[in-house]
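Values quoted throughout were computed directly from the atomic coordinates according to the rules given, and no laboratory measurement underlies them. All values reported here derive from a predicted model rather than from experimental measurement. Positions of Cβ are generated from backbone atoms using ideal geometry, with glycine treated the same way; all protein chains shown enter the neighbour counts.
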Amino acid sequence: MSLPIISVEKLSKAYRIGIREEGATTLAGAAVGALKSPFKNFRRLRRLNTFGEASDEADTHWALRDVSFEVAEGEVVGIIGRNGAGKSTLLKLLSRITEPTSGRAVLRGRVSSLLEVGTGFHPELTGRENVYLNGTILGMTKREVERKFDEIVEFSGIEKFLDTPIKRYSSGMTVRLAFAVAAHLESEILIIDEVLAVGDVAFQRKCMGKVQEIGKSGRSILLVSHNMASVQSLATSCLVLNKGGIAYQGDTTTGVTLYGSLNETRDHADLSEISRGEWKHLSQLAELRNFDVSPEECVPFGSPIYLKVRVHLKGDLPEFRISATIFRSDSVPVGSWFTAPLPGGTAGSDVEIILKFAEHRLAPGSYYFAVATGIGDNDSGHQDFDILSNIGHFQVSPEVSADGYLMTWAHNWGPIAFMRPSTASGNVENV
């Protein structure tokens with residue numbers, strides 16, 4: 001039995017948090033503070049570089065703690081989690097950009113990393129020179145780099161600027177070259193952070209196709225992304241991080257579902273604590289949660305979406321309506337709707353509504369809601385009483401057969417699956 005290409009054992013990374021100190025309020029106090037400052041600085045330096053059981057937890061942040069997992073050769077692992085879960089820290093440790101506080105990671109092969117924009121590039125060197133520099137860092141000979149050079153340049157699409165210093169590149173140009181270099185140079189392990197979000201849509205699709213090609217070639221890939229549709233279509237397994245630890249490792253679909261439940265905590269928060277601006281409310285959104293009482297955090301393509309809304313009436317209101325806009329994860333609106341007038345009630349009462357979206361036909365991907373209460377509609381005009389945005393996050397997952405065929409819809413076909421067009425004789429097609 002062959003050894004795993006990546007072995008991580010109890011990997012931890014801690015950072016010191018700065019603690020603000022009160023300044024002197026008198027001239028004498030300032031003079032005493034100046035005399036003491038060399039000793040204070042020495043103690044601070046020791047604290048920054050010393051971690052142990054006696055360390056003060058108040059000024060210590062554990063970005064990762066006791067993380068252990070293995071990656072087999074040829075495996076594509078999607079690493080997902082909320083912001084601050086430790087994803088980027090883990091990739092930096094595996095890329096040897098920073099050292100762990102404790103634990104170890106063994107990587108049995110050459111590593112090519114694509115992390116923050118510009119990482120691994122020298123700003124004063126040209127694009128051409130940086131290609132050779134990265135190849136050298138990976139242990140490749142000049143002849144090996146030259147064999148891949150034309151493919152790298154063609155994929156990046158920046159031939160015109162190849163002899164321009166990297167510092168004059170836009171972030172998009174830098175990402176294009178960085179991905180082309182990382183994907184084409186002969187490393188056994190490819191590590192990719194969410195940096196691809198900087199590129200345009202066409203280049204993102206091109207990159208996703210290349211990642212699929214690399215995965216099929218037998219190279220191992222670690223992929224961090226907030227796009228759950230991409231993770232499900234690319235990854236053969238999934239690692240879910242939460243608060244610096246591993247919440248789940250295994251099947252991708254199960255991992256994406258768990259990730260949705262972690263976001264559910266935020267979606268179920270007390271909405272009365274969210275700032276709404278200066279609105280004169282007659283009603284207030286008091287609770288919103290998607291997927292009804294027994295939530296399916298990741299909705300299969302074509303399945304209904306349930307949205308539970310509780311409205312607190314701040315005044316007597318005979319009727320009201322609810323409207324909502326669904327946004328993609330990149331904040332692009334997909335569509336909006338208005339309910340028919342709903343029965344209200346007296347001041348101080350709550351009204352609970354469960355809405356069912358049966359024919360939404362959303363493509364696989366990540367979405368969220370903006371929801372409003374008010375009166376009127378989009379035809380006669382309307383007035384909003386309360387508006388909340390960036391809530392009710394959910395995922396729509398593609399249906400994939402056991403042998404890997406996409407059964408329904410690919411995320412890059414667009415945000416909506418239209419109904420099948422009817423056809424007429426001749427050259428006319430009615431859509």
* Asked: Between Phe338 and Gln383, 0.36 nm times their residue separation minus their Cα-Cα distance comes to what?
  -> 15.0 nm
* Asked: Using a simple spin-label model with points 7 Å from Cα along the Cα→Cβ vector, what separation in nm is obtained for Thr136 and Ile17?
  -> 4.3 nm
* Structure fact -> Distance in nm between Lys243 and Ser102 label points, each 7 Å along Cα→Cβ, equals 1.8 nm
